[in-house]
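Contents: one structure, followed by commentary.
The values are calculated or read from the model by the stated rules, or taken from the named source; none is laboratory data. Keep in mind that this is a model prediction, so the values were computed, not measured. All Cβ positions, glycine included, derive from the backbone under ideal geometry; neighbour counts span all protein chains shown. Heads up: the accessible areas ignore ligands, DNA and RNA and are worked out on the full protein's heavy atoms, side chains in. Shrake-Rupley method; radii C 1.70, N 1.55, O 1.52, S 1.80 Å.
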Amino acid sequence: MRLLLVEDDLALSGSLKMDLEAAGYIVDAAMDGESGEFLGATEHYDAAIIDLGLPALSGIEVLRRWRASNNSMPVIVLTARDTWYEKVDGFKAGADDYLGKPFHTQELLVRLQAILKRVHRHNLVALKVLGIELDEDEQSASVDGGPAYPLTAIEFRLLRYFMLNAGKVLNKVQLSEHIYYESAEPDSNVIEVYVKRLRRIVGNELIQTRRGQGYVFGSKS
């Protein structure tokens, strides 16, 4: 899953980026409101984490502009000014969740997981699709209640994206955007290699190839 982090505190941004990447997310970071607003308007992200007190353009204004342009990307707002009226303003502007500073990274991760599951209509404690259960903390998968199978970072990101988008045709560009960092330049057959590895774990029938289109998770047609 690809995230946008908009935070002007360099130390906090750096530590959050590391923690989010360790949790299996691809993270793009912006240090001011103008840059964040531009990235959120021109790139596809699964969710954004944005501070309210940003230079150049406030977090509230960034959020308002996204929503005014019908950008429905889930957004978690961060703020050091954890007052009730600011929360009201944030939710009115279109925030999906609110987190006051200081906070524990694990709380942010849990809130992020909950929002992503809800958006993708998987409002469950664990991500379960067609007998596959993904443990996001341990980055492992089990099939039909069997033992947990440890996943590599790319296997984990790819399987999670497949499961959250079950039944949808996903092309190689979409998959690459959500499992690789910008600096990575994978060979053209890398997606096929990792799909083949996932099929060994979840079963060949769960990941179908649509010739000329891409892949579908959870479709046998």
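Here Gly24 meets each of (1) more than 16 Å from the chain's Cα centre (by Cα); (2) at pLDDT below 95 with one exception, condition (1). Candidates Asp51, Asp46: the one that is under 19 Å from the mean Cα position of the chain (by Cα), surrounded by 20 or more Cβ atoms within 10 Å (Cβ to Cβ) and within 30 Å of Thr152 (Cβ to Cβ) is Asp46. Within the stretch 97-135, the residues that satisfy the criterion of being of a type in the set (D, E, K, R), farther than 14 Å from Phe162 by Cβ and either at pLDDT below 90 or part of a strand (DSSP E or B) (or both) are Asp97, Lys101, Lys117, Arg118, Arg121, Asp135. Does Tyr149 satisfy being among the aromatic types (Phe, Trp, Tyr), out of contact with any Leu (no Cβ under 6 Å at 6 or more places or on another chain) and free of Cβ contacts under 8 Å to residues at least 24 places away in the same chain? So Tyr149 does not fit the description; no. Would you point out the residue of the stretch 136-157, among those that are outside any loop (DSSP other than H, G, I, E, B) and over 17 Å from Ala22 (Cβ atoms), that is least open to solvent (accessible area, probe 1.4 Å)? Selected residue: Ala141.
Could you count how many residues in the stretch 177-221 are surrounded by fewer than 15 Cβ atoms within 10 Å (Cβ to Cβ), modelled with pLDDT under 85 and not aliphatic (A, V, I, L, M)? Looking only at that region, the number is 10.
Listed here are the residues, each with its yes/no results for (1) closer than 30 Å to Ser140 by Cα; (2) in contact with a helix residue (DSSP H, G or I) (Cβ under 8 Å, 6 or more places away or on another chain); (3) open to solvent by 10 Å² or more (accessible area, probe 1.4 Å).
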| site | (1), (2), (3) |
| --- | --- |
| Ile26 | yes, yes, no |
| Ala29 | yes, yes, yes |
| Gly33 | no, yes, no |
| Phe38 | no, no, yes |
| Ala56 | no, yes, yes |
| Phe91 | no, no, yes |
| Val110 | yes, no, yes |
| Ala114 | yes, no, yes |
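Would you tally the residues in the stretch 58-87 being open to solvent by 70 Å² or more (accessible area, probe 1.4 Å) and out of contact with any Asp or Glu (no Cβ under 8 Å at 6 or more places or on another chain)?
11
Just one of (1) touching an Asp or Glu at 6+ places or on another chain (Cβ under 6 Å); (2) acidic (Asp, Glu); (3) touching a residue at least 60 places away in the same chain (Cβ under 8 Å) fails for Asp46. It is (1).
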